[in-house]
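Some notes on the structure that comes next.
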């Protein structure tokens, strides 16, 4: 019984330590990613985050409003170009992928009408086996 309790306590401590470190990593990346949100853009108030392992793909569902100019900034790691992000409409038609633009860390665009989009994010091949993906979305003042 004592071994069982000791094992549970050890697992709990390990889980808490890992979660704390992962959260701190994501906070650091979010701060670095924030440099792409210049004073021209107002944050939508969200920080879209996912811990990615190997070839995992994170998926975020977002509503973007017509008549607005947006910026999506995407980061993983301590330098730009580590995260591939793609924007799809609800029918999964590709609207944009930074992979076609040397993994650019952000994209600016204007919408004529309101649209629900799916943003997929994955680590750029060969750069890391795991990492925190952070997306920031802002709109022009």
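The values are calculated or read from the model by the stated rules, or taken from the named source; none is laboratory data. Remember, predicted model here, so these are calculated numbers, not experimental data. Every residue, glycine among them, receives a Cβ derived from its backbone with ideal geometry; neighbour counts consider all protein chains shown.
Matching residues to (1) modelled with pLDDT of 85 or more; (2) under 27 Å from residue 111 (Cβ atoms); (3) part of a helix (DSSP H, G or I):
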{"position": "7", "(1), (2), (3)": "no, no, yes"}
{"position": "11", "(1), (2), (3)": "no, no, yes"}
{"position": "33", "(1), (2), (3)": "yes, yes, yes"}
{"position": "45", "(1), (2), (3)": "yes, yes, no"}
{"position": "51", "(1), (2), (3)": "yes, no, no"}
{"position": "79", "(1), (2), (3)": "no, no, no"}
Within region 91-118, tally of residues that are exposed (fewer than 13 other Cβ atoms within 10 Å of the Cβ), more than 23 Å from residue 45 (Cα to Cα) and in contact (Cβ under 8 Å) with a residue 12 or more places away in the chain: 2
What do you reckon, is residue 72 under 12 Å from residue 121 (Cβ atoms) and at pLDDT 90 or above? yes
Apart from one, (1) in a loop (DSSP other than H, G, I, E, B); (2) without any contact (Cβ under 8 Å) to a residue 40 or more places away in the chain all hold for residue 56; the odd one out is (2)
